[in-house]
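Worksheet: the structure to be examined is printed underneath.
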Amino acid sequence: QVQLVESGGGLVQPGGSLRLSCAASGIIFSINAMGWYRRAPGKQRELVAAITSGGRTNYADSVKGRFTISRDNAKNTVYLQMNSLKPEDTAVYYCKADSVATSVGVYRDVWGQGTLVTVSS
């Protein structure tokens, strides 16, 4: 019954910014770590950024200083602010919740369907 829905992807020029959002639906008691992953053309899915329930974060080296992950626990939503975008950031971006406690049970490794980010002039 848990579903993650991403939004905010699209086409942006190099140097531009986008803000991705991912909201979890359902009657949710808590969510532990959440993260953003991406799959670029011809590459494996990779971790972009992650955030714990307490707000600790980590980032891939390629996005440090440009991307910021945050979350609103009251809204069961995680965000990814992407600044100074580069063509190599082009990918499908996915959000993941590691563990979601709901009224009917605990769901682990819940993935969204992805949102496409294209950085091109």
Item to check | Residue satisfying condition, being among the β-branched types (Val, Ile, Thr) and open to solvent by 60 Å² or more (accessible area, probe 1.4 Å), within set 77, 68 | outcome: 68
Checklist outcome for this item: A careful count of residues in region 81-97 that are more than 25 Å from residue 27 (Cβ to Cβ), of a type outside the set (D, E, K, R) and crowded, with 17+ Cβ neighbours inside 10 Å gives 6
Checklist entry - Given the structure, is residue 39 open to solvent by 60 Å² or more (accessible area, probe 1.4 Å) and at pLDDT 95 or above? => result yes
Checklist entry - For region 73-89, how many residues are within 17 Å of residue 59 (Cα to Cα), out of contact with any Phe, Trp or Tyr (no Cβ under 8 Å at 6 or more places or on another chain) and not small (Gly, Ala, Ser)? => result 5
Item to check | region 8-26, residues that are closer than 25 Å to residue 103 by Cβ and either assigned to a strand (DSSP E or B) or in contact with an Asp or Glu (Cβ under 8 Å, 6 or more places away or on another chain) (or both) | outcome: 21, 22, 23, 24, 25
Next on the checklist: Of all residues being of a type in the set (Ser, Thr, Tyr) and in a strand (DSSP E or B) in region 27-85, which is farthest from residue 118 (Cα to Cα)? Just the residue, please.
Outcome noted: 30
Next on the checklist: I need the full set of residues from region 103-120 which are loosely packed, with under 12 Cβ neighbours inside 10 Å and among the polar types (S, T, N, Q), in order please.
Outcome noted: 103, 113, 120
Item to check | Cβ-Cβ under 7 Å pairs, at least 6 apart or on other chains, region 48-59 side within 20 Å of residue 83 (Cβ to Cβ), far side among the aromatic types (Phe, Trp, Tyr) and assigned to a strand (DSSP E or B) | outcome: 48/36; 48/37; 48/67; 49/36; 49/59; 49/67; 59/67
Checklist outcome for this item: The number of residues in region 48-61 that are surrounded by 14 or more Cβ atoms within 10 Å (Cβ to Cβ) and under 19 Å from residue 90 (Cβ atoms) is 4
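The values are calculated or read from the model by the stated rules, or taken from the named source; none is laboratory data. Note that the structure is a prediction, hence the values are computed from the model and not measured. Reconstructed Cβ throughout: ideal geometry from the backbone, glycine too, with neighbour counts over all protein chains shown. Ligands, DNA and RNA are stripped out before the accessible areas are found, and what is left, the full protein with its side chains, is counted by its heavy atoms. Shrake-Rupley method; radii C 1.70, N 1.55, O 1.52, S 1.80 Å.
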